[in-house]
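Below is one structure; the comments refer to it alone.
The values are calculated or read from the model by the stated rules, or taken from the named source; none is laboratory data. None of the values given here were measured: they were computed from a predicted structure. Cβ: placed from backbone, ideal geometry, glycine included. Neighbour counts: every protein chain shown. These area figures cover heavy atoms from the full protein model, side chains too; ligands, DNA and RNA do not enter into them. Shrake-Rupley method; radii C 1.70, N 1.55, O 1.52, S 1.80 Å.
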There are 4 protein chains.
Amino acid sequence: MAIPPSNDWRFRLHEIIYESNTRAGKAFDVGLLIAIFTSILIVMLDSVASIHQHYGKLLHTLEWGYTALFTIEYILRLVSIKRPILYVVSLLGIIDLIALIPSYLSIFFIGAQSLLVFRALRLLRVFRIFKLGHFLTEINFLKEALKGSVRKISVFLLTVLTLTVILGSIMYLVEKRENGFSNIPESVYWAIVTITTVGYGDISPVTPMGKFVASVVMLIGYAIIAVPTGIITHDIAMAARQRKDLPEACPSCGREGHEADALFCKYCGSSLFR
Amino acid sequence: MAIPPSNDWRFRLHEIIYESNTRAGKAFDVGLLIAIFTSILIVMLDSVASIHQHYGKLLHTLEWGYTALFTIEYILRLVSIKRPILYVVSLLGIIDLIALIPSYLSIFFIGAQSLLVFRALRLLRVFRIFKLGHFLTEINFLKEALKGSVRKISVFLLTVLTLTVILGSIMYLVEKRENGFSNIPESVYWAIVTITTVGYGDISPVTPMGKFVASVVMLIGYAIIAVPTGIITHDIAMAARQRKDLPEACPSCGREGHEADALFCKYCGSSLFR
Amino acid sequence: MAIPPSNDWRFRLHEIIYESNTRAGKAFDVGLLIAIFTSILIVMLDSVASIHQHYGKLLHTLEWGYTALFTIEYILRLVSIKRPILYVVSLLGIIDLIALIPSYLSIFFIGAQSLLVFRALRLLRVFRIFKLGHFLTEINFLKEALKGSVRKISVFLLTVLTLTVILGSIMYLVEKRENGFSNIPESVYWAIVTITTVGYGDISPVTPMGKFVASVVMLIGYAIIAVPTGIITHDIAMAARQRKDLPEACPSCGREGHEADALFCKYCGSSLFR
Amino acid sequence: MAIPPSNDWRFRLHEIIYESNTRAGKAFDVGLLIAIFTSILIVMLDSVASIHQHYGKLLHTLEWGYTALFTIEYILRLVSIKRPILYVVSLLGIIDLIALIPSYLSIFFIGAQSLLVFRALRLLRVFRIFKLGHFLTEINFLKEALKGSVRKISVFLLTVLTLTVILGSIMYLVEKRENGFSNIPESVYWAIVTITTVGYGDISPVTPMGKFVASVVMLIGYAIIAVPTGIITHDIAMAARQRKDLPEACPSCGREGHEADALFCKYCGSSLFR
């Protein structure tokens, strides 16, 4: 694995690894995704006791193969850009490193291999797949729409969290320790389980008063689930409108709001293209 | 069951079996639906141990009756079209065959009869009922609207699946095998149960740290349920708009798709109102 | 309880019992609602074993009091309209009768009193309360909006039911009887519990394959919950639009779509009122 | 803690405690929020048995420290306004007092300290944080939008509650006491757990008939969850529209509220564009 001798060589490598416009770049992306999928599959299968017993050695060998592969990929990523530090400290760079370390750690520390599950984080690269298909418009559209919602959703989540702390604390008083509500953090956990309508049933009210409070919590959860939905629906509609409005304003009358396929201004009738 | 002697006879048969414009065609559709419903009811009832014990023989006879009926129907479907292979390889054709095979297999292999449950797939023909009623507009409208959502929903589902693999893997590390999270696939299953707010409670976190991670998963699920809703709501609104716009066709160039407030044709620039 | 001697007397009684414009009519409605609430409360309390033991006799007496009261009300309803049969066969009339019968039956048959729970059906009269408040606009608006959704929602529910029968049947094959999926109806019940994201956990998959199928069912349920929401949201928006659009079309240019408070046409500028 | 000698001093104190425009006011708000957070954290930790055993004394001391701090804050709030009674009887004032009393009560009554959980109510002050950030627009927008929904949502919740009482009562008849549906209130609790799709599974139907009724309840819950969502989504869209329309004011008459595509003022009929 020699360091590329010329800048030209480095440029080509950069195009293959970081871009996906060229045929080689696309092939690299597809290959990498397959490698990530299969490597995670191996970690998953190895965690199943019965499979580990029978195929443990094979999976172990494969794991080291993938570790070697990903180490080479990591080095190539470093050498193919001018300032490697930018990649090292980027989110994807950190994830790539975290996916490598456990294997090497396992040489010195027994059990470190269980950290291999963090290799699942590399799945985040899956969103690169959209660069290959025709999903880019959809992805960008959703990103645009949800960006506007982030603030409102966080206001909403803060309100929900405040509610769960208050309701959980009250429930801790109403139900007693012996009924599963053994402390306030546990009761807040129960309130989250209930208000999100998950409802495991590992902790559930026993006393009539507790069931009454729980009913109130459930009805609150049932009614306020509508709020984030309303917010996101509205922001998607807004984003769709904006996207449609962007390309055109009539050069004659200056009015906007023409559809993407309009050739003439719908207000004054003059051509939209000069 | 003789092969129809003339093309004319075959044409009439085709109209009855495949179309539903004529009175005979409608009667056939209704009769077939009733037969499918009752045949599935019989399979369902036969699966109940206590009913099987008392009425097993009767149900067995009825099952063979329906098998005979559906075999005749299958043959008629084959002979009434020019190129039967098109029906055989179509989705409904395959389902119809799958619904027949188990009965015949059960002659040679004991237990094959349990495959009769696949007869439930024939229920998909239920959507033919809409051809009979006035639901066609609604069905087409929903189909139109959801067609636009498929891509965005699949981007969403891929994101959710990626999240569940990552969160499930982390949970496998946090909670230990003895707490039910016995391997990563199991943990991913738990993450899906939680993020979709189903919450069986067959696996649920035990340690404080696990409960904290679970709370995060639940709140994520609670917040992102709004995304598909927003997408579909928007696409339904778009589909409704388009449908409404349809009748407005430019009197000059005849092209459609103008917005409700348009004064001039956006394609040719001539006034929409004469 | 004499029959009213004159039509005038009957007319006044009708106004009190059936209408709520007069002060007496409103008082009657409020009184009746309080009576219904408390009578249902008594039936509910009486069903609690510990309360029945201590206050059973008191509650029993009260129940007979309410039965007498509602019997008088029923007779008054009969005598105060010209054609009592119309009330007897109306939905509310049948409910009122069902709420009365159990008490009288309990004289002859032991246990018939448990049918008193049907008195809860009288709660449907609670919607009369909106006639008293200012909720009528909201009620009518929602009714209007949901009327348009009924068809689309029933198409949706039929699709969901078909899905649950098919998925439940497959699950019955995948998981075995010993895992709780003891017959197909039970498996279909499980599919409904899962697809609606209720998730009791009384029946849950045990085998890896079953967990995989269950995950698919959950994700389907998670994705399609958006469909009825989208439908209803759209229909509410449509109903709101229609309500707003109704009053105005410009008398000059005939264009519609003016807001409720518009005085002049926004397209041609001429007055909307001649 | 002497009473402020001059009105000027009182005015400054008022600005710091009640307002957040000045630097000191902001610092006070941030400090108070941190104090509330940590004080609630202490109460939560103290409720965990194992932590109480090891650090009980430390936490007890800290609790008294916070009680002293909040007592000083309470007194300062009283002295810094002209009519302290307005603060005492305000919602936040009552909450602040409730957060203080348990500590003092615990001197005289053993166990009163458990009421300290009500300190969680002070979390409601968290919404003051938005005054510090840029979330005010979002908060106001959501408040505006949800104000219009309150009536419709309460009509919806009343309908749901009526449904749960009726369905719960029927279920009490169908399933028997020995199956967990031990009385009507319990059955109504089950109906709420089911219709909101929480589904703990602490009570679940056992008989086939009960499972059938439960399926109906679940499908009802699945279909009607869309109603509040539709309502809130619509009201958010309406609120957004109103906000957006604000800036467009007619240059002739100055009135606002014109639609985006209006060419002429809908009030005075003069052109909106000069």
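Here are a few things to note about the model shown:
- When the alpha carbon gyration tensor of the range B:9-137 is reduced to an equivalent ellipsoid, its three semi-axes come out at 28, 17, 12 angstrom, largest first.
- Ranking D:Arg241, C:Arg119 by solvent-accessible area of protein heavy atoms (1.4 Å probe, all protein chains present), from largest to smallest, gives D:Arg241, C:Arg119.
- Protein accessible surface hidden between D and A, which excludes ligands and nucleic acids, total in Å², probe 1.4 Å: 4300
- Placing pseudo-labels 7 Å out from each Cα toward the beta carbon at C:Leu157 and B:Val206 gives an inter-label distance of 4.3 nm.
- Summed side-chain charge close to A:Arg151 - residues other than A:Arg151 whose Cβ falls under 13 Å, Lys, Arg +1, Asp, Glu -1: 0
- The distance between label points at D:Ile107 and B:Leu45 comes to 7.8 nm (points 7 Å beyond Cα on the Cα→Cβ vector).
- Solvent-accessible surface ranking, highest first, for A:Met238, C:Met171 at 1.4 angstrom: A:Met238, C:Met171
- Positive end of the dipole of the range D:141-242 (Cβ unit charges, origin at the Cα centre): among D:Ile232, D:Gly168, D:Val193, the Cα lying farthest that way belongs to D:Ile232.
- In terms of accessible area, using a 1.4 Å probe and ignoring ligands and nucleic acids, C:Lys147, D:Lys82, A:Lys176 rank largest first as D:Lys82, C:Lys147, A:Lys176.
- Per residue of peptide A:139-152, the mean number of Cβ atoms on other chains within 10 Å of the residue Cβ is 3.
- Derived scalar couplings between HN and Hα for the range A:67-74 equal 4, 4, 4, 5, 5, 4, 4, 4 Hz in order, rounded to whole Hz, by the Karplus curve 6.51 cos²θ - 1.76 cosθ + 1.60 (θ = phi - 60°), x for Gly and Pro.
- Look at the dipole of the range D:27-88 built from charges on Cβ: of D:Ile85, D:Gly56, D:Thr71, the Cα furthest out on the positive end belongs to D:Ile85.
- Magnitude of the charge dipole, the range C:78-163, Cβ model with Lys/Arg +1 and Asp/Glu -1, debye to 20: 220
- Taking all protein chains together and rolling a 1.4 Å probe, C:His54 ends up with roughly 140 Å² accessible.
- Full-extension gain in nm, A:Thr61 to A:Glu15, via 0.36 nm per residue minus C-alpha separation: 13.4 nm
- The range B:1-125, relative contact order [Cα under 8 Å, separation at least 6], %: 24
- For D:Ser50, the point set 7 Å out from Cα toward Cβ sits 3.3, 3.3, 4.7 nm from its twins in the other copies, listed from shortest up.
- Debye, to nearest 20: dipole size of the range B:141-242, +1 on Lys, Arg Cβ, -1 on Asp, Glu Cβ: 340
- D by Stokes-Einstein for the range C:163-208, Kirkwood Rh over Cα pairs, 10 °C, 1.306 mPa s: 157 µm²/s.
- Phi to ³J(HN,Hα) by Karplus 6.51 cos²θ - 1.76 cosθ + 1.60 over the range D:214-224, Hz, x for Gly, Pro: 4, 4, 4, 4, 4, 5, 4, x, 5, 7, 8
- For C:Arg12, label point 7 Å along C-beta direction: distances to other copies, nm: 7.5, 7.6, 10.6
- Counting charges near A:Ser204 (Lys, Arg +1; Asp, Glu -1) among other residues having Cβ under 13 Å from its Cβ returns a value of -4.
- 7 Å along Cα→Cβ, label-point gaps from A:Asn179 to other copies, nm, shortest first: 2.5, 2.5, 3.5
- Net charge of the neighbourhood of D:Trp190, taken over other residues with C-beta under 14 Å away and scored Lys/Arg +1, Asp/Glu -1, is 0.
- For the range D:145-192, size of Cβ-based charge dipole, Lys and Arg +1, Asp and Glu -1, in debye: 360
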